[in-house]
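What follows is a single structure, and I will ask about it in a moment.
The values are calculated or read from the model by the stated rules, or taken from the named source; none is laboratory data. As the structure is a prediction and not an experimental result, all values here were calculated from the model. Glycine also receives a Cβ, built like all others from the backbone with ideal geometry; neighbour counts cover every protein chain displayed. SASA here: full protein model, heavy atoms, side chains in, ligands and nucleic acids out. Shrake-Rupley method; radii C 1.70, N 1.55, O 1.52, S 1.80 Å.
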Amino acid sequence: MTSNPAFISRTHALAGSCFNPLGRRRDRRGILSRMPTAKVNHPNRAPGTAIAIMAAGKGTRLKSKHPKVLHEVGGKPLLSHVIAAAINVVPAQDVFAIIGHEADRVRESVAHTGVSFVLQKEQRGTGHALMTAREALKPYDVVIVLSGDAPLITSSTSEKLRDFHTSRKAAMTLLTARMENPTGYGRIIRKGARKEEVQAIVEQNSLSAAQKKIREVNAGFYAFSIAPLLRNIENLSTNNPHHELYLTDMAEVLNKAKERVVAFPTDDAYEVLGGNTRGELVDIDQRIRTAKCQRLMAAGVTIFYPETCVIDSDVEIGADTTIEPFVQILGATHIGSDCRIRSYSVISNSKIGDGVLVRPGCVIDGARVDKTAVIGPYTHLRPGSEIGEGAHVGNFVEAKNLRLGKGSKANHLTYLGDAEIGEGVNVGAGTITCNYDGVNKHKTVIEDGVFIGSDTTLVAPVRVGKGSYVGAASCITDDVPADSLALGRARQIVKEGWAKSKRSARKTSQ
Ligand code: UD1
Ligand code: CA
């Protein structure tokens with residue numbers, strides 16, 4: 001749906017309206033988002049909570065052609081982390097991603113989550129971002145505002161922020177953190193005798209010398225009660241060094257309107273970090289991966305030198321599996337128990353069964369490896385490869401769209417593409433399936449119990465029947481019936497004494 005040009009242009013034409021990625025447009029009061037079907041089976045949901053994620057900015061400080069929120073940490077876009085936390089708090093339909101810069105790309109990359117989108121056509125600041133979401137937010141009581149570039153926020157902190165906000169009967173609650181080095185963050189000016197309330201947030205560029213000493217910073221996560229937010233958001237102004245509409249100025253605006261603004265301090269400055277620069281992105285990435293390794297180790301996985309391994313956030317690994325140094329496990333990979341993944345292997349989007357040994361230097365992408373199989377060293381399993389239980393795929397073997405049956409072996413220097421190989425098959429060294437005729441790809445079928453001699457080429461489409469033998473160095477172009485011997489090579493000629501007579505002929509001529 002998202003690639004439908006009509007839908008994209010419609011989205012552009014209706015800046016400020018909200019859309020569900022399935023293409024269902026809400027009416028101006030957001031009726032669709034209030035449909036009871038969207039709300040069932042969600043134990044954590046308090047009535048009337050929406051989450052807005054500000055994700056429209058360009059990310060100038062990254063000096064990148066890609067939008068900031070699509071930069072990856074822990075193997076997935078910044079925005080995907082924030083959405084994952086948000087949809088644990090409210091149903092996806094009640095999450096509004098505010099997109100603008102490269103909106104189509106951003107929407108496409110997260111549309112599968114089912115969140116709704118609001119288009120902020122021009123990016124005139126964080127306050128303006130929330131202004132564009134006014135219509136979408138009208139039906140709710142409270143909105144939790146998150147930053148699309150701050151991926152470490154947890155659902156539990158978002159919930160605590162909302163609950164604190166509700167308990168204090170505030171118009172605005174901001175999450176704050178104490179930082180050793182608060183440079184770059186907005187600082188909190190508290191007020192009142194007990195300093196519970198907040199007078200204002202002052203951005204870095206506007207800080208006085210005294211304010212620069214304030215260590216309490218604005219995390220960029222807020223809860224607002226919808227009614228006072230909508231009554232007052234119009235009063236934001238561009239009277240600041242950036243000439244933008246800053247959401248942080250809502251603290252002052254609401255104070256002027258005699259509304260209550262409070263701060264909810266977190267002990268965990270970690271959750272607050274934003275990825276505004278390459279340095280910050282790398283720092284966040286490292287923290288996510290370290291935490292991931294620690295969680296895996298706590299769950300029974302051994303990871304040697306975890307600081308050398310790259311394990312993405314969504315990877316799953318079973319207990320008693322060992323990961324050796326310099327291994328990368330990426331994307332939606334699942335590895336079973338009792339496996340050993342030896343050094344220098346890169347495994348992405350694959351499913352590895354229990355007790356599998358991956359020897360050094362393998363590249364496994366989009367493949368399935370069943371239990372107790374042995375892969376490598378230096379095997380390349382490309383997408384669509386399925387390696388059966390106990391099968392062996394060895395040195396310098398490349399596979400693509402291969403189904404290799406239980407207990408079969410292809411151990412040396414082989415290419416198996418678009419091939420279906422049964423159980424108990426031995427594929428000799430240097431075997432090639434010739435799957436491509438220059439225009440189309442064709443399939444090779446090798447049935448159970450076949451023995452393929454070394455250096456065989458199988459010109460697809462071709463089938464080798466059950467229990468057959470193919471002699472070494474054969475070029476097999478025709479189907480082989482079951483239980484046969486196929487030889488597709490020139491008969492050997494031996495000329496006895498030929499070399500000797502050649503040598504003596506050479507001597508006479510000298
Ligand atoms: C913001 C806060 C700052 C806080 C910090 C915490 C403001 C003015 N400042 O600063 O007080 O300490 O976060 O990380 O809010 N965005 C839009 N539309 C826009 C502009 C920005 O959607 O028009 C999005 C960005 O894509 C980003 C988020 O809002 O995801 C925050 O904007 P950013 O420019 O990163 O604000 P900071 O300078 O980090
Ligand atoms: Ca930021």
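Test of understanding: among PRO151, PRO139, which residue is outside any helix (DSSP H, G or I) and open to solvent by 20 Å² or more (accessible area, probe 1.4 Å)?
When all the criteria are applied, what remains is PRO139.
Got at least one residue in region 306-322 being of a type in the set (A, V, I, L, M, F, W, C) and within 16 Å of ligand 1 (Cβ to nearest atom)?
No, region 306-322 contains no residue that is of a type in the set (A, V, I, L, M, F, W, C) and within 16 Å of ligand 1 (Cβ to nearest atom).
Can you find, within region 203-257, the residue that is surrounded by the most Cβ atoms within 10 Å (Cβ to Cβ) among those that are outside any helix (DSSP H, G or I) and without any contact (Cβ under 8 Å) to a residue 24 or more places away in the chain?
The selected residue is LEU207.
Let me ask you something else. Testing VAL272 on (1) surrounded by fewer than 13 Cβ atoms within 10 Å (Cβ to Cβ); (2) in contact (Cβ under 8 Å) with a residue 24 or more places away in the chain; (3) of a type in the set (A, V, I, L, M), one condition comes back false. Which one is that?
(1)
So which of VAL282, VAL253 is within 16 Å of ligand 2 (Cβ to nearest atom) and β-branched (Val, Ile, Thr)? Reasoning before the result, please.
Working: VAL253 fails: within 16 Å of ligand 2 (Cβ to nearest atom).
It is VAL282.
Of everything in region 58-102, what is within 12 Å of ligand 2 (Cβ to nearest atom) and either among the polar types (S, T, N, Q) or open to solvent by 40 Å² or more (accessible area, probe 1.4 Å) (or both)? Give them in sequence order.
Correct list: LYS58, THR60, ARG61.
Do we find that ASP418 is open to solvent by 10 Å² or more (accessible area, probe 1.4 Å) and more than 23 Å from GLU389 (Cα to Cα) in this structure?
No: the conditions fail for ASP418.
Note down all Cβ pairs under 9 Å where the first residue falls in region 473-488 and is closer than 16 Å to SER454 by Cα and open to solvent by less than 30 Å² (accessible area, probe 1.4 Å), the second is among the polar types (S, T, N, Q) and part of a loop (DSSP other than H, G, I, E, B), and they're at least six residues apart or on different chains.
If the second residue must be among the polar types (S, T, N, Q) and part of a loop (DSSP other than H, G, I, E, B), the pairs left are SER474/THR456; ILE476/THR456; ALA486/SER468; ALA486/SER474; GLY488/THR456; GLY488/SER474; GLY488/THR477.
Restricting the search to region 164-182, which residues are more than 17 Å from ILE201 (Cα to Cα) and touching a residue at least 12 places away in the same chain (Cβ under 8 Å)?
PHE164, HIS165, THR166, ARG168, LYS169, GLU180
Could you look through region 110-126, keep only residues that are within 14 Å of ligand 1 (Cβ to nearest atom) and buried (at least 21 other Cβ atoms within 10 Å of the Cβ), and pick out the one that is nearest to PHE221 (Cα to Cα)?
THR126
Report yes if VAL439 is hydrophobic (A, V, I, L, M, F, W, C), in a loop (DSSP other than H, G, I, E, B), under 21 Å from GLY384 (Cβ atoms) and open to solvent by 10 Å² or more (accessible area, probe 1.4 Å), otherwise no.
yes
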